[in-house]
Every structure is written in C-alpha cells, then in structure tokens.
C-alpha cells in the first residue's frame with residue numbers, strides 16, 4: 001500500500017455537463033469528509049449528495065454526488081472516493097486544489113492504474129489493455145482490448161509460464177538429487193511449449209491490425225472513379241471529383257470502419273504513360289509507393305473499357321495477390337461482373353456491400369482473428385526472447401550440455417514470460433507503460 005493520497009480528474013480537462021474526480025490512498029475518506037457538507041460516515045454501495053466546501057472560509061464550491069470504496073474492493077485496491085461534479089474546468093480546478101491543500105497530491109500519468117497493478121488488481125497485459133480500450137476506434141479494437149482486460153492473454157501467458165516452471169523444477173531437482181531422478185526433461189517437451197509460444201507470436205499481426213488499422217490503396221488509371229469511390233466509402237465529399245482526368249495529383253489519406261476493422265484508406269493519382277509535368281509525375285511516384293506499401297489494393301477500372309492495355313500495364317506493376325478488382329460505372333453498359341471482380345456503380349450506390357465483403361475477406365486472409373485479440377510489440381519482443389531461450393535449452397539437451405547451462409537458458413525463458421505480465425521486469429519498463437496513460441487513469 002502507498003503512504004500518500006492522490007487526486008485527479010478522470011474525464012479530461014475539457015468542459016462538459018459533469019466531471020469525475022478520483023481520490024485514492026489511505027487518507028481518501030478522511031480528506032473527503034473534511035470537505036463534504038453532509039456530515040455522514042461514508043459507506044460503500046451508497047451514493048451521497050451534498051456540497052464540497054472550502055474549509056478556509058466554509059464557502060460552497062460545487063454541488064456533487066459521491067461514493068466510496070474500501071480496500072481491497074476498489075480499482076486501485078486502496079481506499080477510494082469518486083466525485084461527480086459539474087464539468088466546468090474552473091470548478092474541477094478548485095475542487096482539486098482544495099484536496100491538495102488538505103493533504104492530497106496531484107496524481108501522475110497513469111498513477112491510478114499503476115497502483116492497481118502494484119496492489120495486484122491487474123497485471124501488465126490488463127494495464128496495456130486499458131490504454132487500448134481508451135484508444136479503440138472500431139468494434140474489433142474494442143473487443144480485442146476487452147478480452148485482454150478480462151484476463152484472456154494473462155491466463156494464456158501464465159499457463160505457458162507454469163509449464164516452463166515445471167521443466168525448470170525437474171532440472172533443478174535432478175541437479176539437487178542426481179541419484180534419485182532417472183529421467184530428465186526431453187527436448188520434445190520443450191518443443192511443445194515453443195510451438196505454443198510461436199502461435200502466440202503470430203497473433204501480433206492481428207494485434208497491430210486492430211490497433212493501427214490496415215492500409216488500403218485505391219489504384220487505377222485516371223478518371224475511373226477512384227476519388228468517387230473514396231467519397232462513397234467515407235460517406236463524405238473528401239476528394240474533389242471531376243470529369244477531367246488527373247484531378248487527383250497527390251495521395252489523400254483517411255480512416256474508415258469496415259465491419260469493425262480500421263482501414264487506412266489512400267486515394268491516389270491516376271497512373272498513365274502520357275507525358276506529364278513535374279507535379280503530376282511526383283503524384284504518380286507516390287501512387288506507386290502507396291501500392292507497394294499497402295496491405296490491400298483496390299484496383300479500379302471502368303466498365304466502358306475494362307482491363308485495357310493501360311489497366312494491364314498497371315496490374316503488371318503491382319502485387320496482384322493484394323488486389324481486389326473493382327469494375328466501376330457498370331450502370332453505363334449493364335456490365336456483368338465476372339468471377340473475381342466486384343461490379344460497382346458509384347452513382348447508383350450499387351455493389352458497395354459486396355465490396356465491403358471482399359475487403360473483410362481479404363483482411364481475414366491476411367490475419368486470423370484471435371479470441372484474445374493480438375499481442376502488442378512489447379509482448380511480442382519478450383515472447384521471442386523466451387522462445388529463443390527455450391530453443392537453446394532444447395538444443396542443449398540434445399547436445400548433452402551440462403544441466404547447469406540448460407537451466408540458465410530455461411530460466412531466461414521463464415523470466416521473459418514473467419516480464420509480459422509484470423511478475424518480472426525493471427521499474428523503467430513498468431514506468432514506460434504507465435507513462436502512456438493520461439492523468440486521472
């Protein structure tokens with residue numbers, strides 16, 4: 001438990017109808033009772049109405065609702081009070097200042113969640129999930145964060161770590177009682193754990209996708225409707241649309257939510273072989289770069305002249321495995337899309353559902369959704385360390401290395417897994433995670 005009591009607003013520094021102020025630490029109730037007009041002993045599972053007053057002059061500051069939590073049944077595991085007050089930044093400032101004057105301290109970034117971690121209310125994967133949930137932009141990213149917050153990844157890592165612990169205990173028992181232990185650990189036993197770790201590492205791609213989004217470039221020759229398609233997907237007139245070829249000279253980047261997936265859309269300048277000026281040439285170079293970097297390409301041509309020589313030339317310059325073939329303006333000639341194509345009439349808004357189906361199908365061919373979402377880069381790096389250490393341990397057994405050397409490798413893997421959940425690790429790493437939070441969380 002901590003010796004000091006901290007206070008901060010949890011709803012951000014902007015004006016609103018209400019604000020939530022949190023106080024946690026050993027003197028939370030003592031300080032609050034001194035400032036609260038309703039002279040009652042606060043008890044959990046009750047909401048109290050009254051005024052916050054300034055003890056200096058007994059002047060009222062704001063009318064509030066308040067409730068309290070006693071340890072260990074609070075978010076931080078400590079004594080805790082939450083106050084719902086009016087959302088004026090001035091009112092919030094005055095209430096916090098009064099709490100500080102009466103024995104509290106302004107909380108640092110992520111300090112409430114850090115206390116919850118140190119007091120054993122959650123592990124590091126759950127703490128990181130809180131950040132992900134706050135920053136979630138789509139249903140998939142929110143669902144992934146919720147799964148980790150509920151402990152799905154924690155339980156997975158702890159299960160793997162327990163298996164490594166059992167191996168380590170067998171090796172140590174063999175070292176301590178060599179005459180009593182007939183069978184040491186087999187490499188196959190370690191390889192099963194390595195396979196489980198490897199499967200978990202593979203989820204990092206899905207984790208990155210739901211947190212950061214997948215990149216999708218709209219590619220094609222000029223005037224086939226790329227910018228109109230961008231506007232249709234955005235449900236907004238973001239890009240200028242005209243009948244004049246070459247209207248789009250530069251890439252335009254926006255984000256959309258398609259069936260819960262975050263898509264980073266890039267509209268690009270049309271590609272062609274005609275002689276152009278420096279500006280349009282730069283635009284086409286950016287188009288080629290966008291196509292190269294994209295996870296998915298919407299290759300757009302038009303029904304009046306589909307897959308002509310210009311289209312085929314562009315197709316030869318991109319990775320077609322990433323492409324979804326979109327034939328636009330199907331309303332002009334009653335074009336029937338062939339197998340593997342998406343027929344689209346942007347003017348009549350026909351084909352958009354099928355296009356979204358194909359985008360989601362493409363995404364889920366790239367990455368497999370996991371029930372606990374997907375790991376982040378920090379977790380991936382520690383899993384790789386653990387996997388490599390266990391591989392060295394298995395190789396050491398095959399090479400008949402000394403048990404002391406094998407134990408060193410297995411212990412390194414065990415510790416690396418512990419760093420994912422926070423059972424092992426340095427204060428610097430832990431501080432770096434909580435520094436990503438805002439004040440009040």
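Points worth noting:
- Condition check for residue 297: farther than 20 Å from residue 263 by Cα and either modelled with pLDDT of 80 or more or surrounded by 19 or more Cβ atoms within 10 Å (Cβ to Cβ) (or both): no
- Odd one out for residue 12 among (1) surrounded by fewer than 13 Cβ atoms within 10 Å (Cβ to Cβ); (2) at positive phi: (1)
- Among the residues of the stretch 203-227, those that are assigned to a helix (DSSP H, G or I) and modelled with pLDDT under 85 comprise 226, 227.
- Flag for residue 184 being in contact (Cβ under 8 Å) with a residue 60 or more places away in the chain, outside any helix (DSSP H, G or I) and surrounded by fewer than 17 Cβ atoms within 10 Å (Cβ to Cβ): yes
- Apart from one condition, residue 251 fits all of (1) modelled with pLDDT of 80 or more; (2) touching a strand residue (DSSP E or B) at 6+ places or on another chain (Cβ under 7 Å); (3) surrounded by fewer than 19 Cβ atoms within 10 Å (Cβ to Cβ); the exception is (1).
The values are calculated or read from the model by the stated rules, or taken from the named source; none is laboratory data. Nothing here was measured: the structure is a model prediction, and the numbers come from that model. In this analysis, Cβ positions are derived from the backbone assuming ideal geometry, glycine residues included, and neighbour counts consider all displayed protein chains.
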